[in-house]
Amino acid sequence: MNVRQLAAETLEPLLRHQGSLNAIMPTAVNRCPERDRGLLRQLCYGTMRDITQLNLIAAKLLKRPFKPNDFDIRALLLVGIYQLRSLRVPAHAAINETVEAAHGLKKSWAAKVINGVLRSYQRQQEALEQMVDESEAGRYNHPEWFIGKVKNNWPDHWQQIIDGNNDDEAPLTLRVNQRKISRDDFLAMLDKEGIGAIATPFSSHGVTLSEPFDVVSLPGYSDGLFSVQDEAAQLSGELLDLQPGQRVLDACAAPGGKLCHILEQEPNLAQVDAVELEERRCARIHDNLQRLQLEATLHIADASSDSWWSGEAYDRILLDAPCSATGVIRRNPDIKYLRKGEDIAAQADIQLKILQNLWRMLAPGGKLLYATCSIFPQENERLMKRFLAQQSDAQHLPLSGEWGVSRPYGRQLFPQPQGHDGFYYALLTKTADQAVGE
C-alpha cells in the first residue's frame with residue numbers, strides 16, 4: 001500500500017470536519033504495513049499540526065481550489081507539501097510516491113496537478129515560506145480566531161500557549177497504581193530495565209518517561225501496575241478528597257482514566273458510578289477496568305439528563321466536561337482545524353446544562369470537581385461564575401498548589417514543555433440542606 005494514499009484517505013474526512021484523528025487513526029494504522037506505521041502517523045499528525053501554513057502555501061500554488069468531491073486529492077497535496085517542508089525523505093522520492101498515490105485514489109487526472117504543484121513549491125520554497133511568515137496565522141501556525149482569542153484571554157501567557165500547541169513532542173506520562181506498587185518501587189523497576197523515567201512534580205502518582213515507549217512492552221502493564229495518563233489529569237484523584245464509604249460519580253467518564261484513578265485511590269467506596277454518552281467509547285472504559293481489576297457501574301446515558309439516576313445522592317462528583325480540548329492540541333493537532341470560534345460559546349452552554357443537572361445529584365456537604373482540558377475561560381472560570389450566580393447552595397472552594405495559575409474560580413494549567421497538558425479545575429461544595437433532586 002502507498003502510505004501517502006492511506007494518509008490522504010485518513011485526512012479526507014477531517015478536511016470535511018468529520019471525525020477526529022483519535023477516532024480515525026486506529027483503523028488506518030491497522031491497514032498500514034507495520035514498517036510504514038511510523039511514517040503514516042508522522043504524515044497525518046504533522047500535516048494537521050501545520051495545516052494552517054500548508055493551506056496558505058497550497059492556495060498560493062493552485063490555480064483554482066479543488067472541488068468538494070476531491071478532498072482526498074486536497075489532502076494528498078497537503079501531505080506532499082508537508083513532506084518537502086519537514087521530512088528527511090529525498091524530495092524526488094516524496095514527489096514520486098505522492099504522485100503515484102493519486103493513481104491509487106483512482107484519480108489519475110490529479111497526478112499531473114500534484115506533480116506540478118510540488119515541483120513549484122521546490123522552486124519557490126524561499127518566497128513561499130516568507131509569505132507564510134508575513135501573516136499572523138502563518139507565523140504562529142494557528143487560525144486567526146484562535147490567536148485573537150488566546151491573546152485576549154491570556155495576554156501574559158498567549159505566546160507560551162501557542163508555542164506549546166506547536167510542540168510535536170508531548171511527553172509520555174504514566175500513573176502508578178498505588179494499590180499494587182509504590183511510585184519509588186515502580187521507578188526502580190524501570191531503572192532496572194534501563195528505561196529512563198522521573199517522578200512528576202505535582203502528581204504524587206505520576207512518572208514521565210524520558211523518551212516514547214510502547215507501553216504494552218513496559219514491565220507491569222499486563223499486571224495493571226500503571227496506566228497512561230497526563231499529569232494534569234492525574235490531579236483529579238487527589239482533589240476529590242475521597243473517603244471510605246462514599247458514593248462517587250464520574251460523569252463523562254471515557255476513556256476511564258480518572259475513573260480508574262478514583263478506584264485505585266480509595267478501595268472502600270460504597271458505590272462508584274460512571275456515565276458516558278457514547279457507547280463506542282465505553283469499550284475503552286471496560287478494557288481499563290478489566291486490566292486494572294477494578295469494578296464500577298457504567299451507565300450509557302446523557303449526563304445532562306437524569307434517566308439513568310437512581311435518586312440516591314452522591315458524596316463526590318467528578319465532571320470532566322466535554323470541551324474544546326484546546327489544552328491538548330499538541331497531542332491532537334487536528335483540533336486547531338476542527339474547532340471554530342463560535343463553537344466555544346455553544347460548548348459552554350452544554351457544560352452548564354450538565355453541571356446544573358448533576359448538581360441536583362450531589363448530597364448536602366458533598367463536593368463536585370469540575371474539570372476540562374480547555375484553556376479558554378469561557379468554558380472554565382467564567383462558567384463557574386455563571387453557575388454560582390444562579391445556584392444559591394453552591395460554594396466555591398479555592399484550590400491551593402504549586403501547579404497552574406490561581407483564578408477567581410479554580411486553577412488554570414497551561415501546556416508545559418516536557419510536562420503536563422493544559423487543564424482546568426474548580427471545586428464546589430453544596431452548602432444548603434436541600435432535598436435531593438429539588
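Structural remarks
- All Cα pairs of segment 286-438, percent lying beyond 25 Å: 36 percent
- Against the criterion of solvent-accessible heavy-atom surface with a 1.4 angstrom probe, Leu187, Leu40 sort, most first, into Leu187, Leu40.
- With only the Cα atoms considered, segment 265-375 has a convex hull volume of 137 Å³ per residue.
- Taking N as its residue count, the alpha carbon Rg of segment 98-162 over 2.2 N^0.38 Å: 1.66
- Around the amide H of His299, modelled in the peptide plane, lie the amide H atoms of Ala274, Val275, Glu276, all under 5 Å away and 5 or more residues distant in sequence or on another chain.
- With Cα atoms defining each centre, segment 35-80 and segment 271-345 are spaced 31 Å apart in the structure.
- Relative to its Kirkwood radius, the Cα radius of gyration of segment 372-416 gives an Rg/Rh of 0.99.
- Residues in segment 292-303 carry Karplus couplings, in order, of 8, 6, 10, 10, 7, 8, 9, 10, 8, 6, 8, 5 Hz; the curve used is 6.51 cos²θ - 1.76 cosθ + 1.60 with θ = phi - 60°, and Gly or Pro positions show x.
- Rg/Rg_globular for segment 355-438, with Rg_globular taken as 2.2 N^0.38 Å and Rg from C-alpha atoms: 1.16
- For segment 234-245, Karplus couplings with θ = phi - 60° (6.51, -1.76, 1.60), whole Hz, Gly/Pro x: 5, 5, 4, x, 6, 5, 6, 6, 6, 9, x, x
- From phi via Karplus (6.51, -1.76, 1.60), per-residue ³J(HN,Hα) for segment 148-161 in Hz, x at Gly/Pro: x, 5, 6, 5, 5, 6, 9, x, 9, 10, 4, 5, 4, 5
- Compared with the rule-of-thumb size 2.2 N^0.38 Å for a compact globular protein, segment 97-209 has a Cα radius of gyration ratio of 1.75.
- Accessible area of the chain divided out per residue, in Å², using a probe of 1.4 angstrom: 44 Å²
- Put the Cα centre of segment 243-266 next to the Cα centre of segment 189-213 and the gap is 24 Å.
- Placing His205, His103 in order of accessible area, with the largest value first and a 1.4 Å probe, yields His103, His205.
- Magnitude of the charge dipole for the chain, about its Cα centre and with charges confined to Cβ atoms of Lys, Arg (+1) and Asp, Glu (-1), is about 1620 debye.
- Segment 308-358: Rg to Rh, with Rh as the Kirkwood radius over Cα pairs: 1.11
- Anchor Lys60: lysines whose Cα lies under 19 Å away (excluding residues fewer than 8 positions away in-chain): Lys112
- For segment 258-313, the normalised intensity computed at q = 0.21, 0.22 Å⁻¹ comes to -0.85, -0.92 (log10 of I(q)/I(0), Debye sum over alpha carbons, equal scatterers, no solvent).
- Tail fraction, Cα-Cα pairs, segment 1-82, threshold 16 Å, whole percent: 47 percent
- Beta bridge orientation in the chain: antiparallel %, DSSP, nearest 5: 55 percent
- Around the amide H of Tyr314, modelled in the peptide plane, lie the amide H atoms of Leu362, Ala363, all under 5 Å away and 5 or more residues distant in sequence or on another chain.
- Whole-percent carbon and sulfur share, accessible surface of segment 330-438, 1.4 Å: 47 percent
- Rg to Rh quotient for the chain, alpha carbon positions, Kirkwood Rh: 1.00
- Portion, in percent, of the accessible area of segment 239-325 that falls on carbon or sulfur, probe 1.4 Å: 42 percent
- Note on segment 1-157: the C-alpha convex hull projects to 10.1 nm² when averaged across all orientations.
- For segment 113-149 versus segment 366-438, the gap between their alpha-carbon centres in whole angstrom: 39 Å
- Carbon plus sulfur fraction of accessible area for segment 25-83, probe 1.4 Å, in percent: 48 percent
- Taking every protein chain into account, the 1.4 Å probe leaves Asp168 with about 100 Å² of accessible area, to the nearest ten.
- Greater than 21 Å apart at Cα, pairs in Lys336/Lys385; Lys353/Lys430; Lys258/Lys367; Lys63/Lys340; Lys180/Lys367: Lys336/Lys385; Lys63/Lys340; Lys180/Lys367
- The amide H of Leu397, built 1.01 Å from its N in the peptide plane, has Leu427, Leu428, Thr429 as neighbours under 5 Å, considering only residues 5 or more places off or on other chains.
- Exposure check, 1.4 Å probe, all protein chains in place: Trp109 carries approximately 130 Å² of accessible surface.
The values are calculated or read from the model by the stated rules, or taken from the named source; none is laboratory data. Just so it is clear, the model here is predicted, and its values are computed rather than measured. A quick note on method: Cβ atoms are made from the backbone with ideal geometry, for glycine too, and the neighbour counts reach across all protein chains shown. These accessible areas exclude ligands, DNA and RNA; they are computed on the full protein's heavy atoms, side chains included. Shrake-Rupley method; radii C 1.70, N 1.55, O 1.52, S 1.80 Å.
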